[in-house]
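For reference, the structure is listed below as structure tokens.
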Amino acid sequence: MLTLTGRNVVVIGGSRGVGRRVVEAAARSGARVLAVARGREALDGLKRSVPGVETLAVDASEEEAPSQVFEAVPHPHILVLCAGAFPPAAPLHEQSWTEFAVNWETDVKIAFQFVKAALLRPLPAGTSIVLISSGAALAGSPISGGYAGAKRTQMFMANYAQKESDRLGLDLRFITLTPRMMPDTELGRYAVAGYSRYLGMSEADFIQSMGSSPTAADVASAVIELASSSKEHKGKVFVVSGKGLEGVAA
């Protein structure tokens, strides 16, 4: 594990899933870590499990959320955006518009507000902003409503933000990760259950059909590796599978 001693890491959506694994990995590597999530109970549990981690109970989709977060940690070295909502698990024609749009009102809105704040403040030169998108952004997801489109839009936003950072000379690094489905996470188990029902197969057979799947810990390791690397990764998109990291061609 690369050392992050002396670095400030902020994880939006840090109480569960990939976000929690990023918090744990960053803390193990010596960083000062702030975990941000809505649920105070989950954050309290995280603090008990990971000594030294700081927490902030904030709804990241609220307009004032970036100001609250950056008041707590004004100079993050790494900002990880992985908060979002569970999508529906039904075909398009069985969904309401509210169900279809849920990830636009959460995942996309959260990314929009924090990416915008990173550029407007701006965050300190050299800050890495890592957006956790999804493999669905590349492959689609027919029973998840607007989820795949929302995750694709996060990719676009990181690309636009990188161009603005370069144009304005801000020296920020925007990186997008698109993990394949992770059966070891709550969201992954939910997706496996939904797709196995939809396809009429067992969950075990569906998982086997996916091939090499990453774990949440694999994705966390990828976040730390990319965000702390001296290599030029800004503006790039990476797939995370059970086989590791792979860059996505522009």
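If you go through the range 175-191 and keep only what is assigned to a strand (DSSP E or B) and out of contact with any His (no Cβ under 6 Å at 6 or more places or on another chain), you end up with 176, 177, 178, 179. Has the range 197-208 got any residue that is in a helix (DSSP H, G or I), of a type in the set (A, V, I, L, M) and closer than 30 Å to residue 79 by Cα? No; the residues of the range 197-208 include none that is in a helix (DSSP H, G or I), of a type in the set (A, V, I, L, M) and closer than 30 Å to residue 79 by Cα. When every residue of the range 158-174 is checked against the conditions, none turns out to be part of a loop (DSSP other than H, G, I, E, B) and either closer than 30 Å to residue 94 by Cβ or modelled with pLDDT under 95 (or both).
In the range 87-147, counting only helices (runs of 4 or more DSSP H) that sit wholly within it, the ones holding 1 or more residues that are more than 25 Å from residue 163 (Cβ to Cβ), touching a residue at least 24 places away in the same chain (Cβ under 8 Å) and out of contact with any Lys or Arg (no Cβ under 6 Å at 6 or more places or on another chain) span 97-100. The residues listed here are 46, 79; of these, the one that is surrounded by 15 or more Cβ atoms within 10 Å (Cβ to Cβ), touching a residue at least 40 places away in the same chain (Cβ under 8 Å) and not aromatic (Phe, Trp, Tyr) is 79. Of the residues 183, 214, the single one that is surrounded by fewer than 22 Cβ atoms within 10 Å (Cβ to Cβ), touching a Lys or Arg at 6+ places or on another chain (Cβ under 7 Å), without any contact (Cβ under 8 Å) to a residue 40 or more places away in the chain and of a type outside the set (Phe, Trp, Tyr) is 183. When the helices (runs of 4 or more DSSP H) confined to the range 3-79 are screened for residues that are more than 17 Å from the chain's Cα centre (by Cα), those reaching at least 3 such residues are found at 40-49, 65-72. Among the residues of the range 66-107, those that are under 16 Å from residue 136 (Cβ atoms) and among the small types (Gly, Ala, Ser) comprise 84, 85, 89, 90, 101. Going by the conditions given, is residue 20 surrounded by fewer than 24 Cβ atoms within 10 Å (Cβ to Cβ) and either under 23 Å from residue 187 (Cα atoms) or modelled with pLDDT of 95 or more (or both)? No.
The values are calculated or read from the model by the stated rules, or taken from the named source; none is laboratory data. Worth saying up front: this structure is predicted, and the values here are computed from it rather than measured. Using ideal geometry, Cβ is built from the backbone for each residue, glycine included, and neighbour counts are taken over all protein chains shown.
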